[in-house]
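Since the structure comes first, as structure tokens, the remarks are kept for the end.
Bear in mind these aren't lab numbers, they're just calculated from the coordinates by the rules spelled out. Worth saying up front: this structure is predicted, and the values here are computed from it rather than measured. Here Cβ is always computed from backbone atoms with ideal geometry, including for glycine, and neighbour counts include all displayed protein chains.
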Amino acid sequence: MKKETNTAYRTNRSPLPSGGAGGGFVGLLFLELVIITVVAWAVFEPAIVNLYYRSLPLGYDNDQLLYAETAVNGSWNKVVDGVPQDPYEMTEERRDQMLRQLMAVEGVESAYLYEQEFGAVGYSRPAFNECVVGGDTLYLANINFCSDAHFFETYGLKPLPGSPSAAELSRLSYQEQQVVLTRSGAIALFGTADVVGRHFTISSNDPAIEATVAGVVEDFRMSVSNTIRSMIIKPQKPQYTTCRYVIRLKKGLNAHRFVEEHGKELTRSGQMGFSRISRLMTFDEYLQRLELDDGRTQEVNRSLALALFFLVNLMLAVIGTVWLHAKRRTEECGVRRAFGATRGRLLLDFLWRNALLATAAVAVGLIIYLNYAHSGIQEYDGGEYYETLYTIDAAILPTDKAWPEHFWPHFLMVSAVVYLIILCTVLIGTAIPALKIIGTRITEALREE
């Protein structure tokens, strides 16, 4: 009889938590989520931006590419037709000899030799050309290529409709002052990509030259660390000093397996006569080494590790706070279940209340961070710089800019991701204790104080 009286007494109590304790826990969770939102924005932003840039395609087919460096085979001088030959000078004859021996290797489709890293595809610090068209001066990243050396075919650059083929573009002569533009470069200069045959001045050359657009190729990036896509590609006279090769394999071949099977054969002493391949690796490995040398790998890994660490601690903190709040509703759940409420309905009630609370807290936190971020806008040369927002590299032209280089798209995109992360964390942190509480027997739940 005592047990029944006790039960009746408890069922007549208000199903909502009495006093201010419940409201205190709600206020604590709200304040915690506001602070978490502000900190999460600063922590997750570099990781979000880095992951976005890493997801961008390079724009050329690098899966079948190899990278090779050459070295002089010995330090002696050789006399050819009575003329001493400098072993450290890569002449056209030696280049052709090396190309023939490379092409004789089974599985090699084409190879391209270039003399220096500066301005090359796969290099992260490009040179710039001052280009003048219609009275406007723009700076386009510059890439030089050796004429008639299979540059466009080897890299797999894709000409736009109306442009000559890749093989024809590779045969452009430096004497004809013809150049190739990327799609973004053409749009930056002329406002359209249909520019074959049009002219502009390259004033950074000494003397300035009147260049003719011979073709336009699809946008590509030189490396993972570089976001610039507005480029001018110019043929140059071969002046070989130190040389490197980019080698394209035939379709279907695995680049890593090729290096394992043919690396020793290609790098052994004497393989290439005057010169030899001293190092061979996949082009992907080469890009990773460049990124490591630039310090980008450490920076990206640090931002991702910090974001992961914060996410784990965010989950634990939210689960702990929500657990304390949910425990105080154990009795309420027992009462509602005694009156016929289902477990699913109780779980949904837990989730939507905390989801609404999280949404309100994130909104307040984002407004706080917006005031801070907006205060960091600095103007320069008619443009804007956001010192409180994270970017990889300053883009020179609007055609090169993506959402991270624009304030509002940047802020809204990162904010949306932060909101989704916090909302999912709160829902998971709510569901774990809620499932345990609503699974408690009614009689045990009603005994909770």
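Sequence-distant contacts, meaning Cα pairs under 8 Å at least 6 residues apart, place the relative contact order of region 178-323 at 19 percent.
Over 28 Å between Cα atoms, which of Lys250/Lys401; Lys158/Lys401; Lys158/Lys251 qualify? Violating the 28 Å limit, Cα to Cα: Lys250/Lys401. Close amide-amide hydrogen proximity is noted between Thr282 and Tyr67, each under 5 Å apart and 5 or more residues distant or on a separate chain (H modeled in the peptide plane; Pro and chain starts excluded). Placing R0 at 25 angstrom, the Cβ-Cβ distance between Phe190 and Ala167 gives a FRET efficiency of 0.50 after rounding to 0.05. Here the label points at Phe309 and Trp408, each 7 Å from Cα along the C-beta direction, are separated by 3.7 nm in the simple model.
Multiplying the residue separation of Arg279 and Ile432 by 0.36 nm and subtracting their alpha-carbon distance yields 49.7 nm. The length gained by stretching the chain between Leu316 and Thr297 to full extension, at 0.36 nm per residue less their Cα-Cα distance, is 4.0 nm. Multiplying the residue separation of Val105 and Val39 by 0.36 nm and subtracting their alpha-carbon distance yields 18.2 nm.
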